[in-house]
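Here the structure is laid out as structure tokens; the discussion comes afterwards.
Any read-out appearing in this document is the output of simple, stated calculations on the displayed coordinates, not a laboratory observation. No experiment lies behind these values; they were computed from the predicted model shown. Positions of Cβ are backbone-derived with ideal geometry, glycine not excepted, and every protein chain shown enters the neighbour counts.
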Amino acid sequence: MTETQRKIGFVVCLVTIVLALLDLQIVSAATVPIVRDLDPAHGIDKIPWLVSAYALASAAMLPLYGKLCDVHGPKRVFTAAIATFLLGSALCGAARSMDQLIAARALQGLGGGGLMSITMVVIAHLKGPGEKDSGRGTNTGGLIAGGAMAIGPWIGGLLADHANWRWIFYVNLPVGVAVLASAAFALKLPEHQVRRPLDYLGAGFAAAFSSALLLMTDWGGKKYGWTSPEIMGLALATAVTLALFLWRQLRAPDPVLPLSLFRVRELRLGFAVQAILGGAMMCAIYYVLIYLQVARGIASSSAGLFLVPLAVGLGAAGLLTGPLGARGWSARTFTLSGTATTALAFALLATTTGPDTSLWLIRAELLLAGLGFGQLVGQLILLVQDSAPRHQLGVATTSIRFFQTLGNALGTAVFGTVLARFYAGHGPGGDITALAHLRGAAHAAGVQAFVEATRVVFWGGAGLMAVAAVLAWRLPQPPELPREPSRRSSVGAVGTA
């Protein structure tokens, strides 16, 4: 590729990831208008599937996407994923019932699973032989990640209130078509002439495992009790499909997720840290928002604005990683610093959170957490891409996103169970849902018990990040020569945000 084509390709990748990030964020702000328009009587019960359909389809495709990149080349898979996402977006906008919208969201998720994961593979191929990067791409990637996280819900609410919720999906179409046209011109990526059989059976087992796990963690303790037949059945399905997936990977001639990757020290440690990071990010975002709404009485729309400091921290980390990388900071150094910073932020949240804590202090602690997360997400991807065999670059890159998805699901479930059980053992009313109906001294006692339960959750997040710091310490020391940041790291902060 020429230098101009590489620059256009890089912009294409940034825009693609912005599409993915915004689509994850803006739909949540329009659920009420969607239900009011499509099914005011019963649509509220189907809202969880509106989110779950996209997440399940996206997670199920991740292992296969990586293998498709390694077998067919990243450009074909990249354009196919975008085309699928755009088709799903068009069908979402044209839906006339909640069932049609949920089915279209699942199709959109099949393509959405590749918008961030395959894009990172494409970026890995954009760096020319011997090319140096000044860190400009890293700065841009971090700022875009933070900006998309901050403005996503706001854009969704704006479109839903002043236009029509269907434009949340239609707005993807002109941008996506421009991305496809630009990709066709600019991306000159290697294509593999020797075709290898794909492990579709292994991909099916991986999809079944991830779907069962996500449903179990999403429904457990909410829609069904943890000991209910439905959740126990999903737990059994998760265990069985995981065993079948591992068995298939050991026997398949060309497995969809080669277990040989785990023999590389950097890869297995990077995957582990990424999974922990996924759980910790859910802890920081989800349970801070719950604390603000339950303990402080802040409306959900206003509580969402507390994510702005977190987003600013991510953007600031993007600005810093480029210059620091140019001065010799390695992926190991950033991973150590990021895990330690995030652990400190959680410890501060656990120590200071109370019924009357200054909201500015909460914002400052979220800013610190964003600085920690921003150091981790891009550098972990860079670490994996630098350590993976070149012919397995696709599957290694998409695997890190896959492990983050599993970490998100497990973190949400574990922390939610800890919160609910601690409150049930120490608070009035039996469970957290009863807190809204308590009055006077009983309500004050309930808020205090909820705050204490939230502190336990934050201490759990600090403990997780401490484990991640230990894993980061075990990463091998980098070579003596200082490394220049590559374009691959430039969208790392975006790809896993």
Notebook entry, point to check: Across 10 Å bins from the origin, how do the percents of Cα pairs in the stretch 26-101 run, short distances first?
Noted result: 16, 42, 25, 14, 3
Next item on the list: List the pair-distance distribution P(r) of the stretch 199-255, using every Cα-Cα distance, as the percent of pairs falling in each 5 Å bin from 0 up to the bin containing the longest distance, rounded to whole percents.
Entry: 4, 23, 25, 17, 13, 9, 6, 3, 0
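Could you give the alpha-carbon Rg of the stretch 341-398 over 2.2 N^0.38 Å, rounded to two decimals?
Working: Rg = 17.1 Å, N = 58, 2.2 N^0.38 = 10.3 Å.
Against the empirical 2.2 N^0.38 Å value, I get 1.66 for the stretch 341-398.
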Notebook entry, point to check: What list do you get for GLU266, GLU230 if you sort them by fewest beta carbons within 10 Å?
Noted result: GLU230, GLU266
Check: Quick one: Karplus J couplings for the stretch 409-419, per residue in order, coefficients 6.51, -1.76, 1.60, θ = phi - 60°, nearest Hz, x for Gly and Pro?
Finding: 5, 5, x, 4, 5, 5, 5, x, 5, 4, 4
